[in-house]
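> Dropping the structure in here first, questions after.
Just so it is clear, none of the values below were taken in a lab; they were calculated from the coordinates. Keep in mind it's a predicted model, so treat the numbers as computed, not measured. Cβ placement follows ideal geometry from the backbone for every residue including glycine, while neighbour counts extend to all protein chains displayed.
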Amino acid sequence: MTDYIIIIALIIVTCLIFGFIIYRIKKQYRATLTSILVQINHLRKGHFDKKISGSVADDLIIEINHSLHEWEKEQANEFEKLKNVDSYRKEFLGNVSHELKTPIFAVEGYIHTLIDGGIDDADINQVYLQKAAKSLDRLTAIVNDLETISRMEAGAMIIDWRTFNLSDLLTEVVDTHALRASEKNIKLFIAPATPKQIYVYADKERIRQVLDNLVVNSIKYGKSNGNTEISISETINDCIVHVKDNGMGIDEAHIPRLFERFYRVDKHRSRAEGGTGLGLAIVKHILESHQQSITVQSKLNEGTVFSFSIKRSV
């Protein structure tokens, strides 16, 4: 009889111990899973700074915990990217609005002046009409450049690949902008050591557009009695074109954003000089469509060098 009592007591004690162990395990898992659930809810609400707490013992829970932390990092990065995109979108729309308003308001002012009687004044009607036409030309240029960039970004720009003599193109670009340069007392020239025959494979008119933009920028921000030099260096596969000036230069902080649409280093002076604010963005897209790149080296009050590559003709 005593033996039966002992056995029953042992069974009861064993059951109690086992039950207690099960209870502790369930409690531990419940606490851990509750913590994970809380963390998931934090992540869903965008609270990426909240961390999982609690004891984690099982390998599966550890793996879940690790995966959640990894997902947290990914979502935090994605959230930051979305914020940056939204900020860029707002800035871009603000810039577009401002750039379009300037010529529109100018035309509006000239037209209303003419309507209010200026059209009958021979001393001002032609002047105001010419100013209105100039503002409309600027507005057209902005819209055309925006359309060009949109086509490039959509992959709709067709590249007219051909072989041509790059030296001849450089000469044509210098001749085109010689008068503009002389008006600012800037010497625009091709480096004397540049070979007369350098054949490349690209879209000639698009590369002309790149050179036009870089040379015009160099003249705009150059110093009176300064220089703008165009030169070429060569690698096995590419020609590297350099447009170098000794002008006002660019602060290092601005260089990473130079090729953004409407980005201006000196907004007041840039608008006074004219242009759409889209030239360098177009340059970048043209070169990317050629699978080529452009770099910038600049120092304040010392000058700037833009360098871009073109595939050499075989």
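> What's the FRET efficiency of GLU288 with ALA253 using the Cβ-Cβ distance as r and R₀ = 22 Å, to the nearest 0.05?
0.40
> Tell me the net charge near VAL243. Cut-off is 14 Å between Cβ atoms, VAL243 excluded, with +1 for each Lys or Arg and -1 for each Asp or Glu.
Counting the neighbours of VAL243, the net charge comes to +1.
> Counting pairs of alpha carbon atoms under 8 Å apart in space and at least six apart in sequence, what relative contact order in percent does the stretch 166-240 give?
For the stretch 166-240, the relative contact order is 42 percent.
> Taking 0.36 nm per residue of sequence separation and subtracting the Cα-Cα distance, how much length would be gained by fully extending the chain between TRP161 and GLN197, in nm to one decimal?
Computed gain between TRP161 and GLN197 is 11.1 nm.
> Over the stretch 161-311, calculate the relative contact order: mean separation of alpha carbon pairs under 8 Å at least 6 apart, over the residue count, as a percent.
This gives 24 percent for the stretch 161-311.
> Order of 202-210, 174-182 by packing, highest average Cβ count within 10 Å first?
Result, highest mean Cβ count within 10 Å first: 202-210, 174-182.
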